[in-house]
Amino acid sequence: MPTANELRQGFLDYFKGHGHAIVPSSSLIPQADPTLLFTNAGMVQFKGVFLGDERRSYSRAVSSQKCVRAGGKHNDLENVGQTGRHHTFFEMLGNFSFGDYFKEDAIRFGWEYLTQVVSLQPERLWVTVFKDDDEAHAIWEHKIGVPAARIIRCGEKDNFWQMADTGPCGPCSEIHYDQGPGVPGDAAPNGAGDRVMEIWNLVFMQYHRDEKGALHPLPKPSIDTGMGLERLAAVVQGKTSNYDSDLFQPIIRAIGGAAGKRYGASADDDRALRVIADHLRAIAFLVADGVLPSNEGRGYVLRRILRRAGRYGRLLGIGLDGPFLYRLTDSVIDGMKGAYPELERARTTIDHVTKAEEERFLDTLDKGLHLLDEIVADVKKANRTVIPGAELFKLYDTYGFPIDLAADSARDHGLTLDEAGFTAALEEQRERARKTAGFAAAKTKEVYSELGGIVAPTQFLGYTELDTDGFVQAIVKQDARIAEAVEGDDVEIVLDRTPFYAEGGGQVGDQGVLTGPDGVIEVKQTIKPAPDLFLHQGVVTRGRIREGDRLRAHVDPRLRSGSARNHTATHLLHAVLREVLGPHVKQYGSLVAPNRLRFDFAHFTPVRPGQLEDVEAIVNERIRANAPVCTNVMGIAEAVQAGALAFFGDKYGDQVRVVEINRFSKELCGGTHCRHTGEIGLFKLVTETGVAAGVRRIEAQTGEGAYELLKQREDEVRALADVLKASPPDVLAKARKLVTTLKERDEEIDKLKARLAGGQGGAGVGTSYTVVEVAGAPTVYWQQIDGMEMKDLRSLVDTLREKHKEGIFVLGSVKDDKVSLLTASSNTVYPANELIKPAAVEIGGSGGGRPEMAQAGGKNAEGLKTAIERVIEGVKRIAGT
């Protein structure tokens, strides 16, 4: 009986033997396709080929594609665990023809593979075709030999596929497998239950649907097929559930071992085991492909999957005392790393990300579940069946408690959620946030829209030229088009050609000078509000500029060189961060200016000092290598296939510019760069900070900026040497000696305070306290000693407790407008943390602690005496006097 790994490889080998190129799986993050949240089918990486936007070196392909369906239009999340065939993560086996073979070969390949290669019984197979596809029906019946009674014609819902409302589309033919009467369901395709299950879909892309819905034959029809490896493995291995195949059983056994549960012993436990097993696969693969938990987009889907798995773990009795999922990800990696080596490379990252998110979730659960229990109790007490949306939003907004987990808990109590009310409250908050932040949807100025329809596209020559002539197509002043600008006018100039780089891709726009026959403009910024519309923003410093003038456009070479150095350094930094920290690192944003660079990237913890040192050293090593920086223009899919990094959500044209730095880095980029890395000169890290959950920021300088930074630090060392009266080489030793001396003096001061507190240094501190006797209660000792901090009061109270074994001690102090109050009790009948609460109010603060000792801080010095009195009153109240 073949294993799933053998089935995967056998599928690829079969089609390779029939002239197909084996194409590796693309990332789960769709490259340069903002229409998709995740890669959800094998054809996604070939979309441009099917649309005719790009060409490949092959016309036949086969792949085993990583897919996720857990968000957006295709979302199987809620069905996972409930059935034996739904998954968040799965592998899609597929063969593709790009204008090569068509229906007959696609059908023949499919039948031959299933009946001869993996030996499925032909009599257990059913076939469906589109109701009007007589050609496919005839091939199945007359050339393959499938009985007509086992070929079912179906409508568009089941057997017609299209990529979008317009574009390539066509009928499809599905191969179904009858699992036998032992499985509940109808004995024919597309019926109720799981008895007859679809295993392979063959799509015949032969039409183009236009805007009116009309179908037109394609000149080169193509083939796109898809078969889930999970279903194939279950069928071939004689299992009626995908979870019983060898793809899942090792993972389920690992979970069961951790939980002390046996799969098959309990329906509820089995469902939880299936959910966790499925979700562990999704977690491992998503993190390996660079997705990190967050509150939006793909990161939010990962967070939901992780937290859902965590909740089911708690139902099994694991995860109650701490994280557990991170320990189980090894069961996924060990079973899948042969086919997907990126899992092994990201093993440590998967472990760290999973554990960190589990810890956050446990904190969320502890706080949120308590509040949810109170909400549920209130709803039941009021004899209602729906949890109000406002309460759900409070739960979400205050504690980050996921609404899907609230729904699971509600179902356990026979309740439902007011999801509409929750959504309304969420929208209200987002609108308030937008107004508070002062943000509004960015709109293209009307004058820019008008220009886009009038002027010719600006030809950008700045990759190779810094000086060119350009014809003035338009002049804009105060959002209106004018024919002439004079000295002192702030204007925006549109040229027919320009060497000025327009702000984009994180790089700032060029500055420089436009010189005409009668005037000069100092360009302070260059922007591109619409494709091919370059606006040179500046001020007329001399004479006048008219529409139709021919200007000499000159870019400031020093500023451009600075931007180029920093942009190339940013690419090196990105590549090195991925090497040092892991493949999950990816760009979240950047600023490339002439004098500095800033790089935001995905990473889950602060970068350790040692790692930062490694990053800086490796970047400088690659600068010294003086590697060539090359650019090529190619199709987007070809670029991604060649390993170029593209960024999700970015929009790219059919042709893209790839910037490659030897073997170090390859990215899609439209910015300006050095010709060799040696031109960067020097790379120096300045800071590393966090800017959001899971997002870190590095700021750095290169070349002249790095030199100036080092010179500044050298000057600071000299100044420090003067202060310390030492030579620069001796500054560190002198500073360490000074710190040691100060520490010793601080210790002496602490000892003196302790002696004073114990009454060894004279009357006053620790000796002149007031004693209050309360009938039936321990003696109260209190004193106000100004000039002390809380740590000093704690030291003093320890001394008092040694001297007076029984008692209630109240100490207060004012220092630098800060009020400190400390209460200690030797008798838990008089808990210090309760006695201090009303007292804390008097000093304008809040108190807390343990029954043995509690403290409070505030800024109301005048209330300290009253606060001490409140503690004494509390003692009297408890004593009943």
Problem - Relative contact order (%) - the chain, alpha-carbon pairs under 8 angstrom, separation at least six - result: 7 percent
Problem - Rel. contact order, % - alpha carbon contacts under 8 angstrom, at least six apart, the stretch 535-640 - result: 22 percent
Practice task
Determine, from the Cβ-Cβ distance of Asp746 and Thr689 and an R0 of 22 Å, the FRET efficiency 1/(1 + (r/R0)^6), rounded to the nearest 0.05.
Solution key: 0.15
Practice task
Round to a whole angstrom and tell me the spacing of the C-alpha centers of the stretch 818-881 and the stretch 181-226.
Solution key: 75 Å
Fill in the blank from the handout: By the Cα gyration tensor axes a ≥ b ≥ c (a/c under 1.5 gives rounded; else a/b larger than b/c gives prolate, otherwise oblate), the shape of the stretch 262-386 is prolate
Completion exercise
As straight-line cross-link partners of Lys367, the qualifying lysines (C-alpha separation under 20 Å, not fewer than 8 residues apart within one chain) are Lys355, Lys394
Exercise for the section: Starting from the Cα of Gln478, step 7 Å toward the Cβ, then list every residue of the stretch 532-551 with an amide N under 12 Å from that point. Expected result: none
Practice task
Please check which bits of the stretch 415-429 a label hung off Arg384 would reach, taking the label as a point 7 Å along Cα-to-C-beta and the cut-off as backbone N under 17 Å.
Solution key: 415-426
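Nearest 20 debye, what's the magnitude of the dipole of the stretch 300-392 about its Cα centre given +1 on Lys and Arg Cβ and -1 on Asp and Glu Cβ?
300 debye
Taking all protein chains in place and a 1.4 Å probe, what share, in percent, of the accessible surface of the stretch 146-278 do carbon and sulfur account for?
Answer for the stretch 146-278 is 48 percent, counting heavy atoms of protein chains only.
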Problem - the chain - charge dipole about Cα centre, Lys and Arg +1 at Cβ, Asp and Glu -1, debye rounded to 20 - result: 1620 debye
Practice task
Place the peptides 307-317, 149-159 in order of packing, highest mean first, counting for every residue the other Cβ atoms within 10 Å and averaging per peptide.
Solution key: 307-317, 149-159
Practice task
Could you state the accessible area per residue of the chain in Å², with a 1.4 Å probe and every protein chain left in place?
Solution key: 46 Å²
Fill in the blank from the handout: Phi angles of the stretch 236-249, converted by Karplus (6.51 cos²θ - 1.76 cosθ + 1.60, θ = phi - 60°) into ³J(HN,Hα) in whole Hz with x for Gly and Pro, give 5, 8, x, 9, 9, 10, 4, 6, 8, 7, 6, 6, 10, 4
Completion exercise
In cubic angstrom per residue, the convex hull of the chain built on its Cα atoms measures 251 Å³
Practice task
Report relative contact order for the stretch 167-229 in percent, whole number only (criteria: Cα-Cα under 8 Å, sequence separation at least 6).
Solution key: 32 percent
Problem - Where Rh is the Kirkwood radius over Cα pairs, Rg/Rh for the stretch 184-277 - result: 1.20
Completion exercise
Length gained, Gln525-His413, 0.36 nm per residue minus C-alpha separation, equals 34.2 nm
Handout entry: Euclidean distance between Cα centres, the stretch 257-326 to the stretch 540-617, Å
Key = 39 Å
Problem - Label-point separation, Glu465 to Glu104 (7 Å along Cα→Cβ), nm - result: 5.7 nm
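Once the piece of chain linking Lys865 and Glu773 is laid out straight, how much longer is it, given 0.36 nm per residue of separation minus the C-alpha distance between them? All intermediate terms of the calculation are to be shown ahead of the outcome.
On the way: separation 92, 0.36 × 92 = 33.12 nm, distance 1.79 nm.
Once the chain is fully extended between Lys865 and Glu773, it gains 31.3 nm.
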Completion exercise
Yeah, the stretch 95-194 with a ≥ b ≥ c from its alpha-carbon gyration tensor (a/c under 1.5 is rounded, else prolate when a/b outruns b/c, oblate otherwise) is oblate
Completion exercise
Using alpha carbon centers only, the stretch 1-58 is separated from the stretch 139-156 by a whole-angstrom value of 28 Å
Practice task
Compute the length gained on full extension between Gln655 and Glu547: take 0.36 nm times their separation in residues and subtract their Cα-Cα distance, giving the result in nm to one decimal.
Solution key: 35.6 nm
Handout entry: Pair Asn295, Gln429: separation of 7 Å Cα→Cβ label points (nm)
Key = 0.7 nm
Practice task
Mind scanning Lys66/Lys103; Lys103/Lys131; Lys524/Lys711; Lys684/Lys711 and naming the pairs with a C-alpha gap bigger than 18 Å?
Solution key: Lys66/Lys103; Lys524/Lys711
Exercise for the section: Please get the size of the charge dipole for the stretch 455-570, origin at its Cα centre, with Cβ charges of +1 on Lys and Arg and -1 on Asp and Glu, quoted in debye to the nearest 20. Expected result: 260 debye
Handout entry: Inter-label distance, nm, simple model (7 Å from Cα along the C-beta direction), Arg55/Val739
Key = 6.6 nm
Fill in the blank from the handout: Taking Cα atoms only, Rg over Rh for the stretch 14-137 with Rh from the Kirkwood formula is 0.99
Practice task
Determine which lysines satisfy two conditions relative to Lys805: a Cα distance under 27 Å, and not lying fewer than 8 residues away in the same chain.
Solution key: Lys751, Lys753, Lys791, Lys837, Lys865, Lys876
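The values are calculated or read from the model by the stated rules, or taken from the named source; none is laboratory data. Everything quoted here is computed from the prediction, not taken from an experiment. Reconstructed Cβ throughout: ideal geometry from the backbone, glycine too, with neighbour counts over all protein chains shown. With ligands, DNA and RNA removed, areas are computed over all heavy atoms of the protein, side chains included. Shrake-Rupley method; radii C 1.70, N 1.55, O 1.52, S 1.80 Å.
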